[in-house]
Amino acid sequence: KWMREHLALSEEDMQAELAKVDCHCLAIAGGNDRQVRSKFCEPTAAGELLPMSASLETHTLLHMTHVLRSMEDKPCHLLDATTEYPRLGKLPLEPELLSIIGKWCQGILSNQKSSNSSTTATPEEELSM
């Protein structure tokens, strides 16, 4: 069912859905990903796809694959994915990916915390209102 629904989505349908996204977005592509083209993670392209996002940060990790693991040698052909993906799945996640995600989350959370503290009245301020 998932495959049928996935294949039924047109590029226009996908663009229309992405254009509605208004939250903070982090887009990370892999240079060795054979399922998703990394060009969508270029800042201009990602900005066009996500025009309403609250913020947008993009990265392309040169050796990362679709399964979020590093593959420094020549990436496998998509038809070899059924044998390569289980092997890659036993490897650790791409360390740079984890670092980027951690820093992005910290940045978003600290920005939200500072904006909430600047707009939230203290109990003393609420009593004086």
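For the chain, the Kirkwood estimate of hydrodynamic radius, built from reciprocal distances between every pair of different alpha carbons, is 17.5 Å. Helices in the chain, meaning DSSP H runs of at least 4 residues, each add -39500 (n - 2.57). Divided by all residues, the mean residue ellipticity at 222 nm is -14500 deg cm²/dmol. Temperature 37 °C, viscosity 0.692 mPa s: under these conditions the Stokes-Einstein estimate for the range 1-77, based on its Kirkwood radius over C-alpha pairs, is 241 µm² per second. Between the beta carbons of N116 and V36, assuming R0 = 35 Å, the FRET efficiency works out to 0.55 to the nearest 0.05.
Average 1/r across all pairs of distinct alpha carbons in the range 29-71, invert it, and you get the Kirkwood radius: 10.7 Å.
Rounded to the nearest 20 debye, the dipole size of the chain about its Cα centre is 540 debye, using +1 on the Cβ of Lys and Arg and -1 on the Cβ of Asp and Glu.
All of the numbers you see were taken from the coordinates with simple rules; none came from a lab. Remember, it's a predicted structure, so these values are computed and weren't measured experimentally. Neighbour counts are summed over all protein chains in view; Cβ atoms, including those assigned to glycine, are modelled from backbone coordinates with ideal geometry.
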